[in-house]
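Below: one structure, written as structure tokens.
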Protein chains: 2
Amino acid sequence: MADEPPRQPSDASAGVISLLLAHGVAPTRQRIEIATLLLERPQHLSAEQVLVRVRASGQHVSKATVYNTLGLLTRKGLVREVVVDPQRVVYDSNVAPHYHLYEVDTGRLEDIEPAAVSVAGLPSLPPGTVIEGVDVVVRVRSRPAEPSASGV
Amino acid sequence: MADEPPRQPSDASAGVISLLLAHGVAPTRQRIEIATLLLERPQHLSAEQVLVRVRASGQHVSKATVYNTLGLLTRKGLVREVVVDPQRVVYDSNVAPHYHLYEVDTGRLEDIEPAAVSVAGLPSLPPGTVIEGVDVVVRVRSRPAEPSASGV
DNA sequence: TTAATTGCAAACATTTTGCAGGTTC
DNA sequence: GAACCTGCAAAATGTTTGCAATTAA
């Protein structure tokens, strides 16, 4: 009843709304905001980073809603959780099959094309189980291993 | 509790003590206890599980010491951290190259022989970096994929 | 002795939860 | 109008840290 102008979906939002609907996610303002931000391009964001960016864009979203939404989007297959750091879940907007390269010194996470790695000969699975996914993480250090005895 | 006999290193402890010394770790009672428990056979234990088992064996070890020791043993190459669950680090007493199979429903973690999987064609690494390790985690679900209403 | 190690509890960071109030269809 | 969603704050992990007391070499 208030004379607030109705929210006009932008082009980007329109696409995201369709996507959310297609995946059975009710497109609320917060979810649209979060999904638009994440799906705009392939990237890796933590919940905290999502919160900061959404707020930076002028919208208000609570921390709880960010967590709820990221969990929902993951369950619905719109984003993917990546576990490389034990203390922080990263959400990957690239849900196509691919692997990761993780720089342990900097925390930088980078996609690896699936073609670049071949995983073959998977083991016999426990009975009654199916593969949900195969995660490959190449961990790299920024400095070459230094010999323990002699310096350079 | 008073007239507790002085702790005599058992055969197992003797081996562990040598191992600790060989890796530059001062063999204190707590470290011996934790290392003996972990290295007794290939297994995956969380810090909490280590704490419970050490105490079950009659020794007292504080939570802080368990965390400190597990971190130390990891740094010294006696155990390996496995990150599959974002909310819990698992310590693997098998430091030989191998991969993991993770049952997401039960939390069960199982080793996969490296021969069972082939990872080839690693990508070009960022300049100045070296591979620290390649983690492969096969995630399986206990139930077959149920058909979703809409295609993926 | 002397330096390292332990234990306790408080601090911390991340994520989850309960519930009142708001929004949507 | 009914059902769902959001926000706030408190709770629930899991892990780290500060510092005094203890232990090992």
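Structure values in brief
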{"item": "Among (1) without any contact (Cβ under 8 Å) to a residue 40 or more places away in the chain; (2) within 12 Å of the chain's Cα centre (by Cα) - the single one A:Val52 does not satisfy", "result": "(2)"}
{"item": "Selection count, the range A:74-89, where residues are facing another protein chain (nearest Cβ under 9 Å) and β-branched (Val, Ile, Thr)", "result": "3"}
{"item": "Residues within the range A:91-109 that are in a strand (DSSP E or B), more than 7 Å from chain B (Cβ to nearest Cβ) and closer than 21 Å to B:Tyr99 by Cβ, tallied", "result": "5"}
{"item": "Count - residues of the range B:16-49 that are more than 14 Å from chain A (Cβ to nearest Cβ) and within 12 Å of DNA strand C (Cβ to nearest atom)", "result": "13"}
{"item": "Any hit, the range B:139-148, residues being more than 30 Å from A:Leu21 (Cβ to Cβ), assigned to a helix (DSSP H, G or I), away from DNA strand D (no atom under 16 Å from the Cβ) and over 12 Å from the mean Cα position of the chain (by Cα)", "result": "no"}
{"item": "Filter result (among the β-branched types (Val, Ile, Thr), surrounded by 14 or more Cβ atoms within 10 Å (Cβ to Cβ) and out of contact with any helix residue (DSSP H, G or I) (no Cβ under 9 Å at 6 or more places or on another chain)) within the range B:47-89", "result": "B:Thr74, B:Val82, B:Val83, B:Val84"}
{"item": "Selection count where residues are more than 7 Å from chain A (Cβ to nearest Cβ) and under 26 Å from B:Tyr91 (Cβ atoms), scope the range B:114-128", "result": "2"}
{"item": "Residues satisfying the stated conditions in the range A:76-111, i.e. farther than 23 Å from A:His23 by Cβ and within 12 Å of DNA strand D (Cβ to nearest atom)", "result": "A:Asp85, A:Pro86, A:Gln87, A:Arg88"}
{"item": "B:Leu73 vs. criteria away from DNA strand D (no atom under 11 Å from the Cβ) and assigned to a helix (DSSP H, G or I)", "result": "yes"}
{"item": "Test: A:Gly71 is more than 8 Å from chain B (Cβ to nearest Cβ), at pLDDT below 95 and under 21 Å from A:Val50 (Cα atoms)", "result": "no"}
{"item": "The range B:53-70: number of residues that are more than 11 Å from DNA strand D (Cβ to nearest atom) and either in contact with a His (Cβ under 7 Å, 6 or more places away or on another chain) or among the hydrophobic types (A, V, I, L, M, F, W, C) (or both)", "result": "3"}
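Here is a yes/no grid of residues against (1) under 15 Å from B:Thr69 (Cα atoms); (2) out of contact with any strand residue (DSSP E or B) (no Cβ under 8 Å at 6 or more places or on another chain); (3) hydrophobic (A, V, I, L, M, F, W, C):
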| site | (1), (2), (3) |
| --- | --- |
| B:Gly15 | no, yes, no |
| B:Leu21 | yes, yes, yes |
| B:Gly24 | yes, yes, no |
| B:Thr28 | yes, yes, no |
| B:Ile32 | yes, yes, yes |
| B:Thr36 | yes, yes, no |
| B:Glu40 | no, yes, no |
| B:Ser46 | yes, no, no |
| B:Val50 | yes, no, yes |
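The values are calculated or read from the model by the stated rules, or taken from the named source; none is laboratory data. This one's a predicted model, so the numbers in the text were calculated from it and none came from an experiment. Backbone-built Cβ (ideal geometry, glycine too); neighbour counts: all protein chains shown.
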